[in-house]
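What follows is a short report on a single structure.
The values are calculated or read from the model by the stated rules, or taken from the named source; none is laboratory data. Not measured: the values here are computed from a predicted model.
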Amino acid sequence: MSKDESKVIWLTCPDCGSKIGIILSVGKATAITHRAEQQEEESEAWPPSSFEEKLKAAGIDTSLLNVEEGEEAVLVSPKKFLGDLWAPINEAMRSLGGTWIREGRESRWEIRKTPPQS
């Protein structure tokens, strides 16, 4: 079969006995092929290099947050009132080791880069 050639395969229905034609096509790009290429590109970017990329990988919309990376910790604060979005973002932050610090308008998540020393 050549690249753009199609082939018809005939099957007989076991219930009614009618003939069913199935067309096979070879050599055309498919969505599956495209998705596999896309996954390869994504895997090259892993592991995320910045903390903002880690947030995106965790499913957090970073356009809603201010991210400040310091030497000892990363501070993440909401740009505006998050409402119902706060709980899922908080869960994702906690999964990354974040702690919510409540200080009114200065409230934020703090993610330590190194564990606290005793």
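For the stretch 38-63, taking the residues that are closer than 16 Å to residue 110 by Cα and outside any loop (DSSP other than H, G, I, E, B), the one that is modelled with the lowest pLDDT is identified as 51. Here residue 93 fulfils each of the conditions (1) at pLDDT below 85; (2) in a helix (DSSP H, G or I) apart from (1).
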